[in-house]
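First comes the structure, then the notes that go with it.
The values are calculated or read from the model by the stated rules, or taken from the named source; none is laboratory data. Bear in mind the structure is a predicted one, so any value in this text is a computation, not a measurement. In this analysis, Cβ positions are derived from the backbone assuming ideal geometry, glycine residues included, and neighbour counts consider all displayed protein chains. Side chains are part of the model used for accessible areas, which takes the heavy atoms of the whole protein and leaves out ligands, DNA and RNA. Shrake-Rupley method; radii C 1.70, N 1.55, O 1.52, S 1.80 Å.
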Amino acid sequence: MRPAGRRLPLTLRAGLGAAAALLLSGCARTGLVEPVTPQADRIESLYVIVYYLAAVIFLGVLGAILYACVKFRKKPGDDVLPPQTHGNTAAEVIWTALPLLIVLILFAMSYSTLRVVDDAKPVKDLAAVINVRGIQWGWEFDYGNDKVVAGGASDDEAPTLVVPVGQDIRLVLTSDNVIHAFYVPQFLFKRDIVPGRQNQFDFRVDIPGTYGGQCAEFCGTEHAKMTFQVKAVSREKFDQFIEGLSGDGCQGDESEPSAELALESPANQIRFIDVASKEQEKCLKAPADTPVKLTYSNGGGQPHNVAVVTGTASNPTETHIGLPDAAVIDSGSTTYDVPALPAGQYTFFCQVHPIMAGTYLVQ
Amino acid sequence: MTTTAARPAAKPHAPQPRSAFMDYLTTTDHKKIGVMYLYFSFFAFLVGGVLALLVRAQLTQADGAVFSDADTYNQLFTMHATSMLFFFIIPIWAGFGNYIVPLQIGALDMAFPRINALSFWLLPAGFITVFAGYLTGGGPAEAGWTEYPTITTGHYAGANGHGTDLWIVGILLVGISSLLGAINFLVTVFKMRAPGMTMFRMPMFTWNIIVTSMLSTLALPVLTSALIMLFIDRNYGGSFFDPALGGNAVLYQNLFWFYSHPAVYIMILPAFGLVSEVLPVFSRKPLFGYKAFVLATAGIGALGFSVWAHHMFTTGAVLLPFFSFMTALIAVPTGVKFFNWIATMFNGKITFETPMLWCLGFLSMFLIGGINGMFSAQPPIDYAIHDTYWIVAHIHYVLFGGSVFGVYGAFYFWYPKITGRFLSEKIGKIQFWMTFVGFNLAFFPMHILGLAGMPRRIASYAADPQWELLNQVSTVGAFLIGISTLPFLYNVAVSLRGGKQASADPWRANSLEWATSSPPPVHNFDSLPPIRSERPVFDARLDREAQARLKTGPGGAAPAGAS
């Protein structure tokens, strides 16, 4: 009907052909990162099957569209109405059954893969059960017995989760704040860390190495910087690593106990620093059986407070100062009265950001 | 069914003719309301587009090229999606539906013209409310268009400003608009069809609007209640969603997706309808398997209610095999549609005017959006690609490659009906190819980024040169898409006065909207052709041509197989 009708199939073919070529070129490499766990190997196998199935369907359907465009384009001057076919029941039954068949086969494959990937081992077969806590914005990897590695967006280096290579590990994922997701691309796996739920998954890293990971569920301002690393090392090195975790921030700290302590946090940051050195503060020392005045100043931008507890920040057994008395301040400075405590090791931390924690040593 | 009873005599004092401005402000004419919908939604498309370009600009460098403040970026992608989904794609189809559906069924107007006007005016109200967040101290909503608690409950860092409250209220307004519109469409179609227009003679676009409206009617109350609960949690000490107070964070996700998954079909089904109108016209054949199309559309709508949790495979809180199977099952009716579309073109005499071009673009791009959805439907693969850029690629191949290509197709197809003039074919083709190339440049690399492990919704990413390059390619594509809207705007503006004049039936089409003048009179039809099939205008044209041949004598080739 309109004269422009003839030239277009060619340009159309060129454009869509380019898309097809793009997909074909992908055949050499399916694009997935190298899997490092047996669970990820299973996922990759399923992915590869779906990938080639997808390629066949894409090229087949696109081919049919292009064929129709080229073969059945209107010739100039041909104004006769083509045959008015309204349908063909047999054909329609066939192309209803065909996708249904593919769906059923895919489901069977996907279900068997899912059972392997989500298989939970008996606890006695696990080399370690590690508690992972998502924090705004950072991570706490808790190996039990107060052996905790924590770090976050404001640290120079991402916190590292160390695991023994070739052994089954369980991660228990919890959050007492917002939803996060534990995601390691080379595990081909992520699982949400949902407050109020205890999610977990088992895995085994077969290839020693360090693998990057990060939070995959939007969790606020510094979501993009909520990264971590998984380091798979030999069992001996793993044991040494656990041995080396003291759970004590005061190792190597030479300062004297004082009844007047000071702490501050820089503007917009999630960490405590020493007032004099401006270094990250991990240890406060107080004299035994003496009330302590703890002066805290907040540079602004993030609400913080300081709590002192027996136990850890994530698992306090007794709170000595804390909410509501140790009020959260948005900026400026305040003084907290820490009651007299018997000698021993305590924890100080910010109750808005439990990742801001250190050892409160009473001597 | 039509009102032919004698009307009361003309009123003694006829109203003064109103200015065009007052006319549009007070109109209850479905055509004028439809046009206002189109203007408004396209404006929201441009706003959402500018926000998208800022998002893309930020990602040209690993550490963020534009905004050092992550909150600003988080607000951008949140408002981009909000504008595109709630204020562009859903309402623009309501706009085309408003204009076209009463015409396609031979009705005078929508069933409830004043409610129809209310539906429209709630939209700009909602838009202003949501975007008023930019005037508050904390900025607008910033937790993504899904606004998942617990970050939005107001008890944790982030999303604590009034922007999120305004967002909730604005989306509630849009929801009411959408619900009123849906009920209006349903009543219109069920009660106001012209004599002879049985359900199985209705055009496919109208069928798709029916199914869309049913989805809205059933799903919107659930979203509305979720949003109200969230508002109570934020402002009145509620504890629906915060586990620290005894709530359940996953509950919101279930409620949200119970609406928002069907909402994907609300966004894409009208495009299916448009394609099912355009392919037969430009292939000069009837739609292949009309009843199969109706069943497939209803099937997609029904299945759409049993798949919401496939957005939640990684929460550990849903029954994976069930939702995975139901999700994959949607491929069956969708596959039927694809085969029937292609069969419609087979043995046809295809011409490649712009509406057809956009529909072919739709077929090829939505095909990718369907196929990459096949990956995410398998929970083990979804574990790898969920919340990565793969998903961003998937939604854009569905909603841009699908819905937006359909929207442009609808503009080029119905512009002559609405204005009485054609859009320029030449500019249209330039625009199509710019958009097509830009679209694939922008969104194809996101598949690779997602597989490589780049999560979505991050203001900065790992300093990997390959990631940076792919992001830059994507940004170039996005700006090409942005530029491609300029020839379209120019085309629409210039063709309004200077376009080639269009007759009542300029495409030699099939459905009733082409039986009246272009543009149609206020009362829509001076007379209706007899409706004896799903192609009344085709039948009437065939009749006319046969009559003409009888008059000029025998000799012309008889058209084969008239319906």
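Worth a mention:
- Nearest-ten-degree value, helix B:536-552 long axis tilted from longest Cα axis of chain B: 30 degrees
- The label-point distance for B:LEU489 and A:VAL93, in a model that sets each label 7 Å from Cα toward Cβ, rounds to 5.5 nm.
- Here A:ASP78 and B:GLN472 are evaluated by their C-beta separation; at R0 = 60 Å the FRET efficiency comes out at 0.80.
- Zero-based 10 Å bins, Cα pair distances in the range A:254-353, whole percents: 16, 52, 30, 2
- Between the range B:44-117 and the range A:335-363, the C-alpha centres lie 50 angstrom from each other.
- Computed from label points 7 Å out along Cα-Cβ, the spacing between A:LYS278 and A:ASP330 is 2.6 nm.
- Accessible surface for the protein assembly as shown, divided over its residues, is 38 Å² per residue with a 1.4 Å probe.
- Residues in the range B:384-402 occluded by at least 40 Å² - accessible area, probe radius 1.4 Å, against chain by itself: B:ALA384, B:ASP387
- Put a dot 7 Å past the Cα of B:THR72, heading toward its Cβ, do the same for B:LYS191, and the two dots end up 5.3 nm apart.
- Whole-percent carbon and sulfur share, accessible surface of the range A:119-167, 1.4 Å: 42 percent
- Within a straight-line Cα-Cα reach of under 25 Å, B:LYS291 can be paired with the following lysines, leaving aside sequence neighbours fewer than 8 residues apart in one chain: B:LYS191, B:LYS337, B:LYS349.
- By the helix-only formula, in which each DSSP H run with n ≥ 4 contributes -39500 (n - 2.57) and the sum is divided by residues, chain B has a 222 nm mean residue ellipticity of -21500 deg cm²/dmol.
- Compared with the dominant Cα axis of chain A, that is its longest principal axis, helix A:235-244 is turned about 40°.
- Taking packing as the residue-averaged number of other Cβ atoms within 10 angstrom, the listed peptides B:457-466, B:114-123 run from highest to lowest as B:114-123, B:457-466.
- Kirkwood Rh in Å, taken over chain B so that all alpha-carbon pairs contribute: 24.7 Å
- Taken across both chains, chains B and A shield about 8300 Å² of accessible surface from a 1.4 Å probe.
- Fully extending the segment from A:GLN198 to A:SER255 would add 16.5 nm, taking 0.36 nm per residue of separation and subtracting the current Cα-Cα distance.
- Pairwise centroid distance, computed over Cα atoms, of the range B:307-337 with the range A:66-137, Å: 11 Å
- Accessible-area composition of the range B:27-552, carbon plus sulfur, in percent [1.4 Å probe]: 69 percent
- Were the residues from B:ILE430 through B:ARG18 laid out at 0.36 nm apart, the gain over their Cα-Cα distance would be 144.4 nm.
- Inter-part distance where the range A:192-252 and the range A:274-332 are each reduced to a Cα centre, Å: 26 Å
- For the protein assembly as shown, the Kirkwood radius over C-alpha pairs fed into Stokes-Einstein at 25 °C and 0.890 mPa s yields D = 82 µm² per second.
- Annotated for chain A: lysine pairs at least 8 residues apart or interchain, Cα distance under 21 Å, count 11.
- C-alpha long axis of helix B:290-303 to longest principal axis of chain B, angle in °: 20 degrees
- Straight-distance candidates among the aspartates and glutamates for linking to B:LYS32, with alpha-carbon spacing under 20 Å and chain neighbours fewer than 8 residues away dropped: B:ASP23, B:ASP109, B:GLU513, B:ASP526.
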